[in-house]
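Participant: One structure, pasted below without further comment.
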Amino acid sequence: MSVPILSARHVLAALGPAEAVEAVRTAFLEHARGAWQMPAKVYVTAPEGDFRAMPASGGGYALLKWVTSFPGNPERGLPTVGGVVLLSDARTGELLAQLDAGAVTALRTGGAAVLAAETLARPTLGPAAVIGCGVNGRAVAHTFAARGRAVLLWDARPDQARLVAEELGAEASVAADRAEALAADVVATVTPGQELLFEAGGLHAGQHVSLMGADGPGKAEIAPEELVRARVVCDDWEQASHTGDIARAVESGRLDREGVAELGGVLLGEEKGRSSEDEITVFDSTGLAVQDLAVAAGVYERYRADPAASNFEGVAEADVG
């Protein structure tokens, strides 16, 4: 049996950023309803990064993502995130496709950051600020733009922020400094999670922040004191309370399950999101395998419908036993 190997180019051509938002929405809703399963991700630490095994099943599929996070890799000319996604038929166990994990991760990261902002932020005409313009930050910026919102960019590497701004055109600009970006009404942080961006007192009334960088133990982009001031929504309580930005606040007793909503519950109307114009909202994203499942299934279904399409030119196949 042969299975397609869908490279990053094929994944990104098959599913656009705006479509990724809707795929991620489906993942949150189905997981909240209990229809899609997601065991906890497994971390294997390394001196300069980590490996993660992320399984999920739902919608007739099963998935395993084996993905890495090595923040120092760009200095070596290598991507921070890499790995593979294996998509199988949940009824037969048959392997259906292998997909590039970095591209799947970028699409679902952009989708989750923007979906949370659209769900929790107050209406505002100002641009959404994206802090961190690496692979995933670039995806977040492109997703905001695809949903019709102007973008303000900042990166510790000014050339990288300018590069992404040039890709997006007139609707994007580069912030004068990090403080300007952090002050926006809508902010998405997509950093390695090794430095606090929001210290105590750093959030302002009505602000929304999608925290996308603290996706593993020891990482953080916000001070625990700031979380107490906000309406906190996470992607998955069990995962985020151990490995997300809220973990330190939970460990110190500042937050508990009753004080934190899950985005899927908010989307279903079962948990509370924003309640006033002046309320601060924070979304803590740790990255869910069900999000990867929704994106990978969407890409595979596009391929299955028309493998000869120009989007899939050059797709290789591998023989499996």
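The values are calculated or read from the model by the stated rules, or taken from the named source; none is laboratory data. Quantities reported herein were computed from a predicted structural model and do not represent experimental measurements. Counting neighbours? That spans all protein chains shown, and the Cβs are built from the backbone with ideal geometry, glycine included.
Participant: Report, by residue number, each residue of region 65-89 that is without any contact (Cβ under 8 Å) to a residue 40 or more places away in the chain and assigned to a strand (DSSP E or B).
Facilitator: Result: 66, 67, 68, 82, 83, 84, 86, 88, 89.
Participant: On to the next question. Restricting attention to region 226-261, report how many residues are outside any loop (DSSP other than H, G, I, E, B), under 18 Å from residue 50 (Cα atoms) and either out of contact with any Ser or Thr (no Cβ under 8 Å at 6 or more places or on another chain) or without any contact (Cβ under 8 Å) to a residue 12 or more places away in the chain (or both).
Facilitator: 1
Participant: To continue, here is another question. Loosely packed, with under 15 Cβ neighbours inside 10 Å and either within 24 Å of residue 231 (Cβ to Cβ) or free of Cβ contacts under 8 Å to residues at least 24 places away in the same chain (or both): which single residue out of 204, 208 fits that description?
Facilitator: After applying the criteria, what remains is 204.
Participant: Here are 92, 124: which of them is part of a loop (DSSP other than H, G, I, E, B) and either among the basic types (Lys, Arg) or touching a strand residue (DSSP E or B) at 6+ places or on another chain (Cβ under 7 Å) (or both)?
Facilitator: 124
Participant: Of (1) among the hydrophobic types (A, V, I, L, M, F, W, C); (2) more than 24 Å from residue 106 (Cα to Cα); (3) not assigned by TED's automatic domain parsing to the domain that holds residue 54, residue 247 satisfies all except one. Which?
Facilitator: Answer for residue 247: the failing condition is (2).
Participant: Test of understanding: among 35, 53, 40, 46, which residue is within 17 Å of residue 102 (Cα to Cα) and either assigned by TED's automatic domain parsing to the domain that holds residue 235 or surrounded by fewer than 20 Cβ atoms within 10 Å (Cβ to Cβ) (or both)?
Facilitator: When all the criteria are applied, what remains is 53.
Participant: Look through region 150-164, keep the residues that are touching a helix residue (DSSP H, G or I) at 6+ places or on another chain (Cβ under 9 Å) and surrounded by fewer than 20 Cβ atoms within 10 Å (Cβ to Cβ), and return whichever of them is nearest to residue 19 (Cα to Cα).
Facilitator: 150
Participant: Among the numbered criteria (1) at pLDDT below 95; (2) touching a Ser or Thr at 6+ places or on another chain (Cβ under 7 Å); (3) more than 23 Å from residue 241 (Cβ to Cβ), which one does residue 96 miss?
Facilitator: It is condition (1) that residue 96 fails.
Participant: Name, by its number, the condition in (1) assigned to a helix (DSSP H, G or I); (2) in contact with a His (Cβ under 9 Å, 6 or more places away or on another chain); (3) among the aliphatic types (A, V, I, L, M) that does not hold for residue 179.
Facilitator: (2)
Participant: Follow-up. Are any residues in region 287-321 in a loop (DSSP other than H, G, I, E, B) and under 12 Å from residue 96 (Cβ atoms), and if so, which ones?
Facilitator: Scanning region 287-321 gives a single hit, 320.
Participant: Being under 20 Å from residue 112 (Cβ atoms) and under 15 Å from the mean Cα position of the chain (by Cα) is the requirement here; does residue 148 meet it?
Facilitator: no
Participant: Next question. Scan region 192-225 for residues that are part of a loop (DSSP other than H, G, I, E, B), modelled with pLDDT of 95 or more and closer than 24 Å to residue 67 by Cβ and report the count.
Facilitator: Total meeting the criteria: 3.
Participant: Follow-up question, since we're still on this one. Determine which single condition residue 164 fails, assuming it passes every other condition in (1) touching a residue at least 60 places away in the same chain (Cβ under 8 Å); (2) more than 14 Å from the chain's Cα centre (by Cα); (3) closer than 16 Å to residue 106 by Cα.
Facilitator: If we test residue 164 against (1) touching a residue at least 60 places away in the same chain (Cβ under 8 Å); (2) more than 14 Å from the chain's Cα centre (by Cα); (3) closer than 16 Å to residue 106 by Cα, just (1) comes out false.
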